[in-house]
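Inspection log for the structure reproduced underneath, given as structure tokens.
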Amino acid sequence: MDARKARWTTHFGFYLLAIGSAFGLGNIWRFPYIVAENGGGAFVFLYLALVFLVGMPFLIGELFLGKVTGSPVLPAVRRLGANHGDGVTAGHPTRRPRLMLGAGYLSMGLCLMVLAYYSVICGWVLHFLARFVVASTGLSQLDPGSGLQVLLNNGWLQIMLTSVHLLVIMVVVSRGIEDGIERWIGKVIPVFLVLVLILASRSLVMESSTEALRFFLYPDFSRLTWSALGQAIGQVCFTLSIGFGSMVTFGSYMHESVSVPAMGFRVAAFDSLVSLIAGMMIFPLVFSRADADVGPTLLFETVPFLFARLPGGVWFGIGFFLCLYLAALGASLGLLETAVANVRETMKMPRAKATIIAVVGCLYIAVIPALSSSALEGQTLMGMPILVAWDKFLINWLLPIAAVLISQIVVRRLDRQTQQAEFDKIPSASMGRLYAHWRFAIRYLAPALCVLGLILQLI
Ligand code: PHE
């Protein structure tokens, strides 16, 4: 066990790491706009049901895989494909070791592609943070409307901001992220939550809040389209960091005594709660503005207007975008750490070299989403603007496919007694039953829902 693994053996430390990776732009930036695109309350209802029917079983499965094999996803699937009957692997040989390895590579590729896209949005957050900081010095007036336009029209600015973000995470990951990460994640999350709660309560006293809450929480199922199932599953996987192999890596850092199912439940519940609070903060603002565009820019088109109205709003703006950046930084570190852990274990490369290769690869990929609203404006992919197509293809298609493949490896190739033993760690009589439910969900229910979601997106 190396030094990094040794450190994350505290219960609380691992908990923070998993929460820090789950909690990020997926909750605050992506969730509200996906809900808005899909008609509100009914989608939220569907999403919450899928967190428990699909997200939690998969999350537990990935943590298991990491904890039991002690390695990131690529070496883990290689081991499960090659061995049988060693106490960790199921007692029978597999007929599909190549497919299993393919699943590992898919999730690693997803890590890099999503990190590229994620870094572009982190660049947007940095841009708004800088604008609020400048406004606080009195050098310029705060103009909440123009910030986004400046950014969207200037692809080079986006590339520069993306590079700054990638540089930051490169420095942290190349040194080994153990130092301090537990500590700062532990501080940022509570501060950010308090801030979002204050802002949500401010939003909720706005006139538009009744209408907004009705939209956000009242399930009007007639608004759901066929593709809603697939989109909700994509969002569940993205926000819970499933299908990337991240939770496998974190599971491999987990202490023996920590119960995987209990951890999976807590992470899923906490993450969903944060998304709901984010929705309550954003929707009254959306409804108070007739011209808000429903799409990836939604957060940046609405929240700055709230700050412009609040007394001391500039300081709220700085606090909000700073915390959002730090939360996104935690998630980005999780993504990069996953990619680097895989590259290191498979190619036997030093950490620093693996990190540089991954970051340079990401920067190359990021050029496309970064230029999508300027130099590449008007270009389409599959009939959609590039950023939208990129998001949908990765998150609504590839991610659920990767998550299903990994989950099937876990359930079919991990020794059953080892799986059961994890559930038995929780001292409660109902755990045996819970194990049976989990197995049913991960083996049949969740994959069936994912396949159905994929098919319905074709309609
Ligand atoms: N779950 C993170 C979010 O919601 C994104 C992420 C995915 C982070 C995979 C790490 C690994 O923003």
Among all residue pairs at least 6 apart or on different chains, which show Cβ distances below 9 Å where the first residue, located in the range 137-151, is within 17 Å of Leu298 (Cβ to Cβ) and the second is in a loop (DSSP other than H, G, I, E, B)? Leu148/Thr297; Leu151/Ser373
Residue under evaluation Phe64, criteria (1) modelled with pLDDT of 95 or more; (2) more than 16 Å from the ligand (Cβ to nearest atom); (3) among the hydrophobic types (A, V, I, L, M, F, W, C), criterion not met: (1)
Report every pair of residues separated by at least 6 positions or lying on different chains whose Cβ atoms are under 8 Å apart, first residue within the range 206-227 and more than 17 Å from Gly453 (Cβ to Cβ), second open to solvent by 90 Å² or more (accessible area, probe 1.4 Å). Pro219/Phe45
For the subset of the range 308-322 comprising residues that are at pLDDT below 85 and part of a helix (DSSP H, G or I), which member is surrounded by the fewest Cβ atoms within 10 Å (Cβ to Cβ)? Arg309
Return the residues of the range 61-94 that are closer than 15 Å to Ser107 by Cα, open to solvent by less than 60 Å² (accessible area, probe 1.4 Å) and not aliphatic (A, V, I, L, M); say none if nothing qualifies. Gly61, Glu62, Gly66, Ser71, Pro72, Pro75
Verdict on Val54 being modelled with pLDDT of 95 or more, more than 12 Å from the chain's Cα centre (by Cα) and within 26 Å of Ile121 (Cα to Cα): no
I'd like the full set of residues that are away from the ligand (no atom under 15 Å from the Cβ) and hydrophobic (A, V, I, L, M, F, W, C), limited to the range 323-361. Val343, Met347, Met349, Ala352, Ala354, Ile356, Ile357, Val359, Val360
Among what's in the range 362-387 and is part of a helix (DSSP H, G or I) and more than 16 Å from the ligand (Cβ to nearest atom), pick the residue that is least open to solvent (accessible area, probe 1.4 Å). Ala370
Hey, among the residues in the range 441-459 that are assigned to a helix (DSSP H, G or I) and more than 24 Å from Pro261 (Cα to Cα), which one's least open to solvent (accessible area, probe 1.4 Å)? Gly453
Checking Ala389 against (1) touching a residue at least 24 places away in the same chain (Cβ under 8 Å); (2) touching a strand residue (DSSP E or B) at 6+ places or on another chain (Cβ under 6 Å), which test does it fail? (1)
What is the one condition in (1) over 30 Å from Glu211 (Cα atoms); (2) small (Gly, Ala, Ser); (3) more than 16 Å from the ligand (Cβ to nearest atom) that Gly243 does not satisfy? (3)
Let me confirm something: among Ser119, Ser174, Ser107, which residue is of a type in the set (Ser, Thr, Tyr), open to solvent by 20 Å² or more (accessible area, probe 1.4 Å), in a helix (DSSP H, G or I) and touching a helix residue (DSSP H, G or I) at 6+ places or on another chain (Cβ under 7 Å)? Ser174
Could you run through the range 271-299 and say how many residues are surrounded by 18 or more Cβ atoms within 10 Å (Cβ to Cβ) and more than 19 Å from Ser209 (Cα to Cα)? 4
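The values are calculated or read from the model by the stated rules, or taken from the named source; none is laboratory data. Note that the structure is a prediction, hence the values are computed from the model and not measured. Quick reminder, even Gly has a Cβ in these numbers, built from the backbone with ideal geometry, and neighbours come from all protein chains shown. Please note that ligands, DNA and RNA were not included when accessible areas were found on the heavy atoms of the full protein model with its side chains. Shrake-Rupley method; radii C 1.70, N 1.55, O 1.52, S 1.80 Å.
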